[in-house]
Structures are given as C-alpha cells and as structure tokens.
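A.B. asks: Have a look at this one.
Throughout, read-outs are computed from the coordinates displayed, never taken from laboratory work. Worth saying up front: this structure is predicted, and the values here are computed from it rather than measured.
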Amino acid sequence: MIREVVVLIMVLLYSGCSSKNESKMRKSFKEEISFNSKLQKSEKLRLYDEGEVKILFTATYLNGEQSLDAENDNQKINEEFIVGLYQSDADQLGLKSREQNLTLDGKLPAKVRKLSQSDPLLKNIPMANAWSSYYHVSFPHTGKKIFNLTFENDLYGKGELKFAKRAKFLLIRPTF
C-alpha cells in the first residue's frame, strides 16, 4: 500500500515538473527551428583587398517555395531579399551607387529600400549588427528554382551567392 502511494506521488511530481518545462521547451524548440530555417536561406560573401576583408555582403532569401506556386503572371511574386552590406572604407557607398551593382541572374532589382536598424523586417534574418547597412531588395520573378545573386564592386571585384526556392534534403544510404 505504501509503495503504491509513493509511486503515485512520484508520478504526480514528475508529470507536474514536465508540464511546466514542456511549454518552455516547445517555445525554445520553435525559436530554434525558425532561426535554423532563416539561416538556411542566408548566404554571405566577402570581398578582399590584400588579405583584408573590405566588403561583407549577406543576403537572406525571403520567398522560398511561395515563389514556385504561381500558375500565371498575375500570381507571380517578386523575389525578395534582405541584404546586409558592411564596407570597411570610410566613404561607404551603400547599395545604391554607381560603383556597386547587384543583380539576380543578370537582372537589376525592381526596388531597393534602405532599412533602419529597428525595422521589423530584420527579424527575418538570423543576425543583424550595428555596423552593416540593411536593404529590402525586390527583383522581378524568376521561374528558375536555382538562381544566382551577384554583387559587384568596381574596386574589390565581384562574387556570387547561390539560392534555391526549394530546399532538397538528400538521404544517403550506405550500400554494402
């Protein structure tokens, strides 16, 4: 009889503790999944001069699979990015300048809007810092599933970032 009461009390104690921590654990898990999915859609590019990073360019693709679902021209949505730009030079050019160019598979952006450090759109990227300038960049819709975002600076060169509309996970099974 005493054993059953002790077991019942132990079960009640464990279940009470787990229910309190379970909601915290679920919330933490959801935040972690959200962060990781944003991180998967983000790429970075460094442009160097004599071994020193002169430009750090980051881009986060916002659309994902939504951009694949368009059946006709009226449903097609623009390709949206949040772009971060850090330039070590004192005269930071910003994204809108003649000395720098940003293209998506050779096409110029349809719209570029500079974001403030407190803009709610910055919650869509894994990490924002105070020394970078951030922009919301919109390109015309592309039907491609994989595309290149190219950043070019007249002084430091250019680099490409590859993005995909649909993340594909490969299962690798060992063969014996």
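A.B. asks: Per-residue HN-Hα couplings for segment 104-116, Karplus 6.51 cos²θ - 1.76 cosθ + 1.60 at θ = phi - 60°, whole Hz, x for Gly and Pro?
C.D. replies: 10, 6, x, 9, 6, x, 7, 8, 10, 10, 6, 9, 7
A.B. asks: Roughly what % of Cα-Cα distances in segment 98-162 sit above 18 Å, to the whole percent?
C.D. replies: 48
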